[in-house]
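To keep things clear, I will list the structure first and then write my remarks on it.
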Amino acid sequence: METRKNPTTGTRTASKARIKTTQFDGAAYLQSEEDMAALLEAALEDGDPRVITAAIGDIARAQGMTKIAKATGLSRESLYRALSPEGNPELQTFIKVVHALGLKLHATASV
């Protein structure tokens with residue numbers, strides 16, 4: 001905690017330090033196709049639909065939402081909305097986006 005002297009009274013008062021935060025953007029850290037595939041795989045293993053949607057959104061932003069919109073035939077706005085943390089994309093949209101991202105999904109039996 002920092003203290004400051006009041007110039008009028010000469011008394012010292014404590015002031016809280018202010019911390020500035022910025023929103024984390026996972027897309028900035030996805031540098032390669034391997035990074036993107038690893039993120040999606042980890043999200044699928046987690047199993048939470050919100051985590052999976054967020055991972056697909058990060059990957060789409062990393063590759064360029066305009067490019068993905070063109071490849072899927074969907075508008076950028078609808079992709080941003082569907083792939084937002086509050087989004088709930090239809091399965092058809094999810095599959096179109098995964099294919100446009102150049103990723104493949106596969107299933108294995110859990111043992």
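The values are calculated or read from the model by the stated rules, or taken from the named source; none is laboratory data. Source: prediction; values computed, not measured. With ideal geometry, Cβ positions are generated from the backbone for all residues, glycine too; neighbour counts draw on all protein chains shown.
Brief remarks on what is shown
- Residue match in the range 73-82 (condition: within 19 Å of Glu33 (Cβ to Cβ) and exposed (fewer than 14 other Cβ atoms within 10 Å of the Cβ)): no
- Of the residues Lys5, Lys96, Lys16, the single one that is surrounded by 11 or more Cβ atoms within 10 Å (Cβ to Cβ) and either modelled with pLDDT under 90 or basic (Lys, Arg) (or both) is Lys96.
- Of Leu79, Leu30, Leu105, all but one fail to be among the aliphatic types (A, V, I, L, M) and at pLDDT 90 or above; the exception is Leu79.
- Residue satisfying all of: in the range 62-104; touching a Lys or Arg at 6+ places or on another chain (Cβ under 9 Å) and of a type in the set (A, V, I, L, M, F, W, C); nearest to Arg50 (Cα to Cα) among these: Leu83
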